[in-house]
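K.L.:
Have a look at the structure that comes next, please.
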Amino acid sequence: MLMRLGFHVSIEGGLDRAVDRALGLGCTTFQFFTRSPRMWKHADIDEETASVFRSKLQSSGIRPVFAHIPYLPNLASPREDIYAKSVESLIVEAGRCRFLGVPYLVTHLGSSLGTGYEAGSLRVVQALREAVNVKAGPTILLENTSGKRNDLGSTFQEMGDIMERVGNLRLGVCMDICHAFARGYDARTEDGLKATLRDFDEVIGLDRLHLIHLNDSMGELGSRIDRHEHIGLGAIGEEGFANILKSELAEKPLIMETPVDERRTDAGNMRKVLELADLHVD
Ligand code: MN
Ligand code: MN
Ligand code: ZN
């Protein structure tokens with residue numbers, strides 16, 4: 001089984017540049033934002049841009065690819081104006097994915113801002129129901145969070161509950177290894193990972209897992225700290241990743257959202273994963 005491995009890549013200079021960057025890094029999958037993630041405002045994608053992106057992607061042989069929604073939307077917001085803008089953003093992003101030929105869209109579940117799980121999840125379920133109805137749109141992947149105060153979707157139970165209430169098969173999961181670890185799901189040892197996957201399979205189903213965010217964690221197990229670290233340099237460590245990479249998780253697309261700093265580049269993390277996966281053996 002060939003591993004599908006890549007990064008979250010920048011779209012600086014144009015959407016199709018993301019494909020160039022992914023190819024340059026030797027990616028066999030990648031993730032990107034379809035626009036600047038730090039603003040509500042954005043321009044529509046014109047036909048020319050979309051067609052260049054689609055054909056470049058097609059000839060690159062890279063698949064599948066994943067889009068990630070911008071940072072500002074909060075699908076659980078108790079504020080009516082923010083909630084409406086957030087649902088609109090999700091629907092627009094789903095439309096952009098369809099236009100670009102992107103089969104998956106990753107979203108976080110948002111923060112209840114203190115109103116609690118019941119009120120927050122009611123909002124999210126409603127938002128997702130609207131977005132999965134975008135005709136021929138992407139499969140929407142819910143990403144688990146590290147469980148910072150008021151964040152929804154840090155446990156498999158919450159994610160499974162929300163998915164069941166939305167009741168649509170065009171909904172799946174992206175498991176962020178750093179976030180899961182910070183929330184107390186261990187993946188470092190064979191037994192720990194087995195327990196984590198059994199838990200996931202019971203409340204969600206492993207067939208709904210379409211993407212792994214392969215990030216090491218600065219915070220310890222259960223710390224609820226969302227800070228990504230280079231592969232092997234964090235609390236999960238090299239042995240932890242070697243364990244992950246020999247498990248069934250390695251059959252899913254693996255995308256790194258690792259830092260870029262003086263300690264290591266993206267190419268360095270790519271080499272580290274290939275080394276830990278020990279591809280030379282088989
Ligand atoms: Mn994310
Ligand atoms: Mn992530
Ligand atoms: Zn994170």
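The values are calculated or read from the model by the stated rules, or taken from the named source; none is laboratory data. These numbers were taken from a predicted model, which means no experiment stands behind them. Cβ coordinates were reconstructed from backbone atoms using ideal geometry, including for glycine residues, and neighbour counts include every protein chain displayed.
K.L.:
State which residue pairs qualify: first residue free of Cβ contacts under 8 Å to residues at least 60 places away in the same chain and inside region 81-96, second residue of a type in the set (D, E, K, R) in any location, beta carbons under 7 Å apart, and separation of 6 or more residues or different chains.
P.N.:
From residues that are free of Cβ contacts under 8 Å to residues at least 60 places away in the same chain, the pairs are Y83/R123; V87/E130; I91/E130.
K.L.:
Being more than 22 Å from the chain's Cα centre (by Cα) and without any contact (Cβ under 8 Å) to a residue 40 or more places away in the chain narrows it down to one residue among A18, A50, A43; which is it? First the steps, then the outcome.
P.N.:
Working: A18 fails: more than 22 Å from the chain's Cα centre (by Cα); A50 fails: without any contact (Cβ under 8 Å) to a residue 40 or more places away in the chain.
Only one candidate qualifies: A43.
K.L.:
Has region 182-193 got at least one residue that is assigned to a helix (DSSP H, G or I), out of contact with any strand residue (DSSP E or B) (no Cβ under 6 Å at 6 or more places or on another chain) and buried (at least 16 other Cβ atoms within 10 Å of the Cβ)?
P.N.:
Yes, there is a match, as at least one residue in region 182-193 is assigned to a helix (DSSP H, G or I), out of contact with any strand residue (DSSP E or B) (no Cβ under 6 Å at 6 or more places or on another chain) and buried (at least 16 other Cβ atoms within 10 Å of the Cβ).
K.L.:
Sort out which residues of region 156-177 are more than 16 Å from ligand 2 (Cβ to nearest atom) and either in a loop (DSSP other than H, G, I, E, B) or under 14 Å from the mean Cα position of the chain (by Cα) (or both), and write them in order of number.
P.N.:
As a first pass, look at region 156-177 and keep what is more than 16 Å from ligand 2 (Cβ to nearest atom): 157-158, 160-171.
Across region 156-177, the qualifying residues are G167, N168, L169, R170, L171.
K.L.:
Right, something else. Scan region 64-114 for residues that are assigned to a loop (DSSP other than H, G, I, E, B), surrounded by fewer than 16 Cβ atoms within 10 Å (Cβ to Cβ) and either small (G, A, S) or more than 15 Å from the chain's Cα centre (by Cα) (or both) and report the count.
P.N.:
Final tally of qualifying residues: 3.
K.L.:
For L211, which of the numbered conditions (1) assigned to a loop (DSSP other than H, G, I, E, B); (2) crowded, with 20+ Cβ neighbours inside 10 Å; (3) under 17 Å from the mean Cα position of the chain (by Cα) fails to hold?
P.N.:
Going through the list (1) assigned to a loop (DSSP other than H, G, I, E, B); (2) crowded, with 20+ Cβ neighbours inside 10 Å; (3) under 17 Å from the mean Cα position of the chain (by Cα), L211 breaks only (1).
K.L.:
If the Cβ limit is 9 Å and pairs must be 6+ apart or interchain, which residue in region 141-165 that is among the hydrophobic types (A, V, I, L, M, F, W, C) pairs with which residue that is modelled with pLDDT under 95 and within 12 Å of ligand 2 (Cβ to nearest atom)?
P.N.:
Note: no pairs meet the criteria.
K.L.:
Same structure, new question: Which residues, counting only those in region 222-244, are surrounded by fewer than 19 Cβ atoms within 10 Å (Cβ to Cβ), more than 15 Å from R183 (Cα to Cα) and touching a residue at least 40 places away in the same chain (Cβ under 8 Å)?
P.N.:
Across region 222-244, the qualifying residues are G237, E239.
K.L.:
Among the residues of region 156-176, write down those that are more than 18 Å from L249 (Cα to Cα) and small (G, A, S). Break it down into steps so the answer makes sense when it comes.
P.N.:
Taking region 156-176 first, the residues more than 18 Å from L249 (Cα to Cα) are 157-171.
Answer for region 156-176, where residues must be more than 18 Å from L249 (Cα to Cα) and small (G, A, S): G160, G167.
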